[in-house]
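For reference, the structure discussed in these notes is given below.
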Amino acid sequence: MADKPVIISDENSGKQLELPVVRGTAGEPTLSIKSLPKELGYFTYDPGFTATASCSSAITFIDGGQGILRHRGYPIEQLAKQSSFLEVAYLLLKGDLPKASEYAEFERDITYHTMVHEKLNTFISGFHYDAHPMAMMAGAVGSLAAFYHDRLDMNDPEHRMLAAKRMIAKMPTIAAACYRHHMGWPSAYPKNRLSYTERFLDMMFSVPAEDYEVSEVAARAFDLLFICHADHEQNASTSTVRLVGSTGANPYAAVSAGISALWGPAHGGANEAVLNMLEEIGDVSKVPQFIQRAKDRNDPFRLMGFGHRVYKNYDPRASIIREAAHEVLADLGTSDPLMDLAMELEQIALKDEYFVEKRLYPNVDFYSGIIYKALGIPTSMFTVMFAIARTVGWVSHWLEHCENPTPIGRPRQVYTGPAERDYVALKDRG
Ligand code: ACO
């Protein structure tokens, strides 16, 4: 049965307005407020979009209260256990799991687009060696439009899909190139015989002087982490990509903006911040002191990797990644005191009244850095790993937007500046 509209009465004007209730296939009912400005003369005020749906989307569903995440209907737990990153990429982009022949074609397409124009390496080598890799990534990805403008007609579905595949394919190559530039190593080229994550690890760590064999444990762990980071509906970076895309800008520009949005510590930059925080805490005995700081309103310190705008329950990706962190450390036959510290921090926080009351739980970033560290990824590259995986989500949302465009994203504001006043000449300003 269809929902009845919600009637709002405006006591200022004496008017009433019926607002239709919009329902998706799952999730909360949503009020359509499009007619509000025209009928009653009001805009709505929702800083940070805490209560606003910016679009409709068929890609990812989250129930934050219950800790549910599904891509195209499939629970993240099943995808993490049974699928692969490239298969999830296909699912997100195209809407369904591929048949064997479709998967083979998709994998071949991605594999054959992994090389970047040689001049892009010249571009990257122009950065100072100690530039933050996220700054290099935003610049290098934004510059792709200058290299691949041959087929960039946004009204052509084939051009759009090509741009999407190019981005998924080239992102690991660019990420590895940024790292190698920082290290002062010569370029490494993608090897077609390797899988997506093996190829990336090979480009990251192989050096001309030695043979490099990609560790199976590492390739599997990356595949899992990439699945967990692939998409998360209208998060800040994806909303940024959609917003930029709504202007008709090319997808490389939109994804470059997404990378910049992801970099912030309140978003994807949290994985780097978690590791820095754990290192700063240093010892289990200091955990209570940091918990105390996180609770102090006068201290800007927050427990990084904790809390989420949508999840008010355990982030399902955090459970998957915590388990994987244990497995990776065991497979590598090592331990990491930071893992013990993280678990102790989690245990204390989950029992603390402040965190319980505010429903703050570990998020996807709390344990991912421990795996990256164990696999030799430097802290400054953690958010780049996130960006490689999230590219799949960004381009899937960009494609969805192109297929079913919303008007240009253009929020309104509540103006709080001075009322109208007259210009005073410089000589008369006292
Ligand atoms: N540590 C301590 N207190 C916290 C934390 C935290 N990590 N997160 C939220 N709170 C508190 C806030 O101080 C606020 O308290 P108040 O109501 O007394 O003012 C309350 O919980 C609600 O927090 P908000 O910031 O209003 O919640 P919001 O939904 O806007 O923010 C966010 C979510 C940005 C993720 C926040 O929890 C945070 O900063 N976490 C740490 C950074 C982090 O891990 N980010 C990664 C998120 S996952 C991702 O983007 C991939």
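Condition check ((1) of a type outside the set (Ser, Thr, Tyr); (2) within 28 Å of THR406 (Cβ to Cβ); (3) buried (at least 21 other Cβ atoms within 10 Å of the Cβ)) across all residues:
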residue	(1), (2), (3)
VAL217	yes, no, no
SER239	no, yes, no
GLY248	yes, yes, no
ALA253	yes, yes, no
SER260	no, yes, no
GLY264	yes, yes, no
GLY268	yes, yes, yes
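Count, please, the residues in the stretch 66-89 that happen to be in a helix (DSSP H, G or I) and either open to solvent by less than 20 Å² (accessible area, probe 1.4 Å) or touching a residue at least 24 places away in the same chain (Cβ under 8 Å) (or both).
The qualifying residues number 8.
Whether any residue in the stretch 298-310 is within 9 Å of the ligand (Cβ to nearest atom), of a type in the set (A, V, I, L, M, F, W, C) and without any contact (Cβ under 8 Å) to a residue 24 or more places away in the chain is what I want to check.
Within the stretch 298-310, one or more residues are within 9 Å of the ligand (Cβ to nearest atom), of a type in the set (A, V, I, L, M, F, W, C) and without any contact (Cβ under 8 Å) to a residue 24 or more places away in the chain.
Test of understanding: among ALA58, ALA26, ALA89, which residue is among the aliphatic types (A, V, I, L, M) and closer than 30 Å to LYS191 by Cβ? Break it down stepwise before answering.
Numbers: ALA58 fails: closer than 30 Å to LYS191 by Cβ; ALA26 fails: closer than 30 Å to LYS191 by Cβ.
Every option except ALA89 fails the conditions.
Quick one: which residue in SER187, SER101 is open to solvent by 30 Å² or more (accessible area, probe 1.4 Å) and under 30 Å from LEU69 (Cα atoms)? Please lay out each step first, then the result.
On the way: SER187 fails: under 30 Å from LEU69 (Cα atoms).
The unique qualifying residue is SER101.
Evaluate the stretch 252-264: report whether one residue or more is within 21 Å of LEU360 (Cα to Cα), modelled with pLDDT of 95 or more and either of a type in the set (Phe, Trp, Tyr) or not in a helix (DSSP H, G or I) (or both).
Checking the stretch 252-264: at least one residue is within 21 Å of LEU360 (Cα to Cα), modelled with pLDDT of 95 or more and either of a type in the set (Phe, Trp, Tyr) or not in a helix (DSSP H, G or I) (or both).
Do any helices (runs of 4 or more DSSP H) entirely within the stretch 146-242 hold 2 or more residues that are over 23 Å from LEU375 (Cβ atoms), and if so, which?
Answer list for the stretch 146-242: 157-183.
Of the residues PHE127, PHE106, only one is in a helix (DSSP H, G or I) and of a type in the set (Phe, Trp, Tyr); which?
On the way: PHE127 fails: in a helix (DSSP H, G or I).
One residue alone meets the criteria, PHE106.
So, VAL287, is that one within 15 Å of the ligand (Cβ to nearest atom), buried (at least 21 other Cβ atoms within 10 Å of the Cβ), assigned to a helix (DSSP H, G or I) and hydrophobic (A, V, I, L, M, F, W, C) or not? Before you say what the answer is, go through the steps one by one.
On the way: within 15 Å of the ligand (Cβ to nearest atom): yes; buried (at least 21 other Cβ atoms within 10 Å of the Cβ): no; assigned to a helix (DSSP H, G or I): yes; hydrophobic (A, V, I, L, M, F, W, C): yes.
Considered against the rule, which asks whether it is within 15 Å of the ligand (Cβ to nearest atom), buried (at least 21 other Cβ atoms within 10 Å of the Cβ), assigned to a helix (DSSP H, G or I) and hydrophobic (A, V, I, L, M, F, W, C), VAL287 comes out as no.
Out of the residues in the stretch 350-375 that are surrounded by fewer than 22 Cβ atoms within 10 Å (Cβ to Cβ) and hydrophobic (A, V, I, L, M, F, W, C), state the one that is nearest to the ligand (Cβ to nearest atom).
LEU360
The values are calculated or read from the model by the stated rules, or taken from the named source; none is laboratory data. No experiment lies behind these values; they were computed from the predicted model shown. Ideal geometry is used to build each Cβ from the backbone, glycine not excepted, and the neighbour counts take in all protein chains shown. Calculation scope for accessible area: heavy atoms of the full protein, side chains included, ligands and nucleic acids excluded. Shrake-Rupley method; radii C 1.70, N 1.55, O 1.52, S 1.80 Å.
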